[in-house]
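Novice: Have a look at this one.
The values are calculated or read from the model by the stated rules, or taken from the named source; none is laboratory data. Keep in mind it's a predicted model, so treat the numbers as computed, not measured. Every residue, glycine among them, receives a Cβ derived from its backbone with ideal geometry; neighbour counts consider all protein chains shown. When the accessible area is computed, the model is the full protein with side chains, heavy atoms only, and any ligands, DNA or RNA have been set aside. Shrake-Rupley method; radii C 1.70, N 1.55, O 1.52, S 1.80 Å.
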Amino acid sequence: MGRTGPVAAGESSGSVVRRILLGSQLRRLRDSRGITREAAGYSIRASESKISRMELGRVSFKARDVEDLLTLYGVTDDAERDALLGLAREANVAGWWHSFGDVLPGWFQTYIGLEGAASLIRVYEVQFVHGLLQTESYAHAVVTRGMGDAPAAEIDRRVALRLERQKALVSERAPQFHAVLDEAALRRPYGDRDVMRGQLRHLIEMSEQPNITLQVMPFSFGGHAGESGSFTMLRFPESDLSDIVYLEQLTSALYLDKAEEVAQYEKAMKRLHQDSPGPEESRDLLRGLLQLT
């Protein structure tokens, strides 16, 4: 189980993880007692679907509900109860991204919370440079291309959100970040020549950071393990929380945590790491593209 003490400033990104973690703890307790979701819901004056959402970490937690569920599940040890109630308090802390609620879809809020709490982020990207590695000019071009009819102020807000996310990579608690970018993402122009040159230079600089590993999957390799498209894998310091695979879609996202599904993406990611040129050779590829741009 993760920490259960007070949340320090800047740590609210872990609230999503703690919600999921608490939900899984409650689900395990309920299953171990053979109690149905319907019965659990009745005990807190709620529906079966509310219990399901709680156990999946999709809603906030009321202390009274958690207390009543712990009593129903036979958890009487004060230390165990206090730990879980502390987790509930942490799970309800709003993250910094809530101030961007005007331009942030609800389904993506979950991802930002998970991204901010991860200790290891691994990505494969084929369409464009990953958001955590985008320059401001490149991000502006990407957002404008995707939302050409949006007001300029909204586009600026979306770019600001992307830049805010990037601060995690240089923070004291920065995660390890391993990105594989398909050559297509580097050759597809967003913005003018200067924007693309600035983006390539930025990738070269970022790839030299100690917590960042950047590889390029070149066209010359041919078919490869990323045939299903872009995906992200997140790992967390909390030992009770499994790795999560994030698949973004046009209007929603999928979060996979079943062991057999995660294992398939783990296999694909390892193949991408093995088959792509290493970090230094990938930097040479980036330098070559920079000369051609």
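Novice: Tell me which of these residue 271 doesn't satisfy, since it passes every other one: (1) more than 21 Å from residue 111 (Cα to Cα); (2) open to solvent by less than 90 Å² (accessible area, probe 1.4 Å); (3) in contact (Cβ under 8 Å) with a residue 40 or more places away in the chain.
Specialist: Unmet for residue 271, out of (1) more than 21 Å from residue 111 (Cα to Cα); (2) open to solvent by less than 90 Å² (accessible area, probe 1.4 Å); (3) in contact (Cβ under 8 Å) with a residue 40 or more places away in the chain: (2).
Novice: Please indicate, with yes or no, whether at least one residue in the stretch 235-242 is of a type in the set (D, E, K, R) and more than 15 Å from residue 122 (Cβ to Cβ). Show your work before the answer.
Specialist: Taking the stretch 235-242 first, the residues of a type in the set (D, E, K, R) are 235, 238, 240.
Retained after the next criterion (residues that are more than 15 Å from residue 122 (Cβ to Cβ)): 238, 240.
So far as the stretch 235-242 goes, yes, one or more of its residues are of a type in the set (D, E, K, R) and more than 15 Å from residue 122 (Cβ to Cβ).
Novice: Only one of these conditions is not met by residue 58: (1) within 22 Å of residue 106 (Cβ to Cβ); (2) open to solvent by less than 80 Å² (accessible area, probe 1.4 Å); (3) not in a helix (DSSP H, G or I). Which number is it?
Specialist: (2)
Novice: Next question, about the same structure. I want to confirm something. Restricting to the stretch 213-243 and keeping residues that are open to solvent by less than 10 Å² (accessible area, probe 1.4 Å) and among the hydrophobic types (A, V, I, L, M, F, W, C), which single residue is nearest to residue 290 (Cα to Cα)?
Specialist: Step by step, filter the stretch 213-243, then rank; the result is 216.
Novice: Identify all residues within the stretch 84-128 that are surrounded by fewer than 17 Cβ atoms within 10 Å (Cβ to Cβ) and acidic (Asp, Glu); write none if there are none.
Specialist: 102
Novice: Sort through 150, 179, 139, 174 and tell me the only one that's surrounded by fewer than 21 Cβ atoms within 10 Å (Cβ to Cβ) and either outside any loop (DSSP other than H, G, I, E, B) or touching a residue at least 12 places away in the same chain (Cβ under 8 Å) (or both).
Specialist: 174
Novice: Among the candidates 106, 131, which residue alone is within 30 Å of residue 238 (Cα to Cα) and either at pLDDT below 95 or of a type in the set (Lys, Arg) (or both)? Lay out the reasoning, then the answer.
Specialist: Values: 131 fails: either at pLDDT below 95 or of a type in the set (Lys, Arg) (or both).
106 is the lone residue from the list that is within 30 Å of residue 238 (Cα to Cα) and either at pLDDT below 95 or of a type in the set (Lys, Arg) (or both).
Novice: Just for the stretch 191-212: of the residues that are within 21 Å of the chain's Cα centre (by Cα) and of a type in the set (A, V, I, L, M), which one is nearest to residue 292 (Cα to Cα)?
Specialist: Keep residues of the stretch 191-212 that are within 21 Å of the chain's Cα centre (by Cα), which gives 203, 206-207, 209-212.
Imposing the further condition that a residue be of a type in the set (A, V, I, L, M) reduces the set to 203, 206, 212.
Working: 203: 16, 206: 20, 212: 25 Å.
Going through the qualifying residues, I end up with 203.
Novice: When the stretch 271-293 is examined, which residues are found to be under 24 Å from the mean Cα position of the chain (by Cα) and outside any helix (DSSP H, G or I)? Before the answer, list the steps.
Specialist: Restricting attention to the stretch 271-293, the residues satisfying the condition of being under 24 Å from the mean Cα position of the chain (by Cα) are 271-274, 276, 279.
Of everything in the stretch 271-293, just one residue is under 24 Å from the mean Cα position of the chain (by Cα) and outside any helix (DSSP H, G or I), namely 276.
Novice: Between residues in the stretch 65-79 that are closer than 16 Å to residue 54 by Cα and residues that are among the polar types (S, T, N, Q) and open to solvent by 10 Å² or more (accessible area, probe 1.4 Å), which pairs lie under 8 Å by C-beta distance while being six or more apart or on different chains?
Specialist: Short answer, once both residue conditions are applied: 68/43; 69/43; 72/43; 73/32.
Novice: Another one. Inside the stretch 248-264, can you point out the residues that are open to solvent by 30 Å² or more (accessible area, probe 1.4 Å), within 15 Å of the chain's Cα centre (by Cα) and at pLDDT 90 or above?
Specialist: 248
Novice: Restricting the search to the stretch 46-95, which residues are under 28 Å from the mean Cα position of the chain (by Cα), over 22 Å from residue 117 (Cα atoms) and among the small types (Gly, Ala, Ser)?
Specialist: Passing the criteria: 49, 52, 63.
Novice: While we're looking at this one, here's another question. Being on the phi > 0 side of the Ramachandran plot and modelled with pLDDT of 95 or more narrows it down to one of 191, 198, so name that one. Give the steps one after another, and end with the answer.
Specialist: Details: 198 fails: on the phi > 0 side of the Ramachandran plot.
It is 191.
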